[in-house]
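A.B. asks: Input: one structure, supplied below.
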Amino acid sequence: MHRYLPNTTEDMRQMLEVIGIDSTEKLFGSIPDGVKLERDLELPHSKSEIEVRREIGEMAGKNLSADDLVCFRGAGSYDRYIPSAVKHIVGRSEFYTAYTPYQPEISQGTLQSVFEYQSMICSLTGMDVSNVSMYDGATSSAEAAILASVHARRPKVLVSMTVNPMVREVLSSYLKFRNVDLEFVGEKNGETDAEELKMKLDGSVAGLIVQYPNYYGIIEDIRGIEEAVHGNKSLLIVNTDPVSLGILTSPGELKADIVVGEAQGLGQNMNFGGPVLGFMTASEKVMRKLPGRIVGETTDIDGKRAFVLTLQAREQHIRREKATSNICSDQTLNSITAAVYMAAMGREGIREVALQSFKKAHYACRKLVDTGKFRLLHEKPFFCEFALVCDMSAAELNRRLLENGILGGLDISGAGNSDGNVMLVAVTETRTKAEIDRFVEIMGVE
């Protein structure tokens, strides 16, 4: 008997007898012989639990994380401080083992935690309503593009070339099968080319996706873009780093219609790429087509505060084929993690994180440029990330840094208008002055 299957040989015999055959092989009689393997699988011999733990441990030991290295890499995933209270709270079984409640109003605790998350992320982005939630920042951008097309009843979405290239790839994959045309707007000096944007805006454009701060870390002029987009009766979709909004003007104040992005920086580990948290907030006018779930606050029959599932535009429920999205996976644990982080840090704490990241990044940039071996790819205002043109190979610099226990910036050589070596460097609040100085020292060695 297989250790994970409770059926005995006698159980199997009885089941086969009921359906009128005498062997399990005959269950697969309809499969042509030509596609059958006709031999045993070439699997290694089984191992004991002790052996498996040892082997997996050796494999895992080959990984190097931000806990092992001093990290200066970003491009969408950042080494940020996570208060110890975050893991303690979300590790409770009520949160950690929960799945989508199919009778949601019974799960008042889950609904309240989601309501708190949605309230805080709306406050941070300056928007009216938030869902819960998306897989990551890239898929939330794709869902926003689909939403814009459905809402505006127009077939095309424009995307700035200053949006993270990995996000652009996901957009291309998603929209290809959703009958949404994708067209890119070029960049000029590290920002969205405003003149090209105006030329491409027409009656077929449902919306524009722009990143703020963008892929190069530059803080784009959203106000000028907004006027052109709304003048065309299109939607403005802003992909943003929520941590940056601790000091930057919120997208809501900049009149964005939909705000999306990667919320990994809100209490989530880098996790070698996942799981992370995609967020989506929007203005009230597009609320009814927002994918995912929206939790609201009300009172029960006794007049006490209560929470309800106000809206869920999902194909599994009443909307079926009319649904905007087929997002089904429950990301509640990740959103609760973000809620606990935001509650623990508070408004001033998030502002301090953003401010420290900003100041430390500018200190690092200035020190690197002062060596005479580097220059900024684009002389524009940036948040905590900047693109440097290097005198030598960025790959060689990263090899040297790794030998010294430092994970260097992302090699984006050939980016923008430069034919040289370019490194995208991120500096967060976790970096110390000593670490930054050591980074500069190793980078500046002949």
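A.B. asks: Where in the stretch 371-446 are there strands (runs of 3 or more DSSP E), lying fully within it, with 1 or more residues that are among the acidic types (Asp, Glu)?
C.D. replies: Per the criteria, 385-390.
A.B. asks: Return the residue satisfying two criteria in turn: it lies in the stretch 269-295 and is open to solvent by 10 Å² or more (accessible area, probe 1.4 Å) and of a type in the set (S, T, N, Q), and of such residues it is modelled with the highest pLDDT.
C.D. replies: SER283
A.B. asks: A further question on this structure: If you check VAL52, VAL90, VAL86, which single one turns out to be over 30 Å from VAL167 (Cα atoms), of a type in the set (A, V, I, L, M, F, W, C) and modelled with pLDDT of 90 or more?
C.D. replies: VAL52
A.B. asks: Hey, among the residues in the stretch 367-384 that are hydrophobic (A, V, I, L, M, F, W, C), under 19 Å from SER357 (Cβ atoms) and touching a residue at least 60 places away in the same chain (Cβ under 8 Å), which one's surrounded by the fewest Cβ atoms within 10 Å (Cβ to Cβ)?
C.D. replies: PHE382
A.B. asks: Assuming ARG178 fulfils every condition listed in (1) under 19 Å from ASP257 (Cα atoms); (2) at pLDDT below 95; (3) basic (Lys, Arg) apart from one, which condition is it?
C.D. replies: (1)
A.B. asks: Could you check the stretch 369-414 and list, in sequence order, the residues that are more than 28 Å from ASN63 (Cα to Cα) and out of contact with any helix residue (DSSP H, G or I) (no Cβ under 9 Å at 6 or more places or on another chain)?
C.D. replies: VAL369, GLY372, LEU377, HIS378, GLU379, LYS380, PRO381, VAL389, ASP391, GLY414
A.B. asks: So in the stretch 8-37, with the set limited to residues that are over 47 Å from the mean Cα position of the chain (by Cα) and among the aliphatic types (A, V, I, L, M), which one is least open to solvent (accessible area, probe 1.4 Å)?
C.D. replies: LEU16
A.B. asks: What number goes with the only condition from (1) open to solvent by 50 Å² or more (accessible area, probe 1.4 Å); (2) more than 30 Å from LYS360 (Cβ to Cβ); (3) in a loop (DSSP other than H, G, I, E, B) that PRO101 does not pass?
C.D. replies: Condition (1) is where PRO101 drops out.
A.B. asks: Taking the stretch 412-446 as the search range and keeping residues that are of a type in the set (Asp, Glu) and at pLDDT 95 or above, which one is most open to solvent (accessible area, probe 1.4 Å)?
C.D. replies: Within the stretch 412-446, the match that is most open to solvent (accessible area, probe 1.4 Å) is GLU441.
The values are calculated or read from the model by the stated rules, or taken from the named source; none is laboratory data. Note that the structure is predicted; figures quoted are calculated from it, not measured. As a convention, Cβ positions derive from the backbone with ideal geometry for all residues, glycine included, and neighbour counts pool all protein chains shown. Remember, those area values only see protein heavy atoms, side chains included, never the ligands or the DNA or RNA. Shrake-Rupley method; radii C 1.70, N 1.55, O 1.52, S 1.80 Å.
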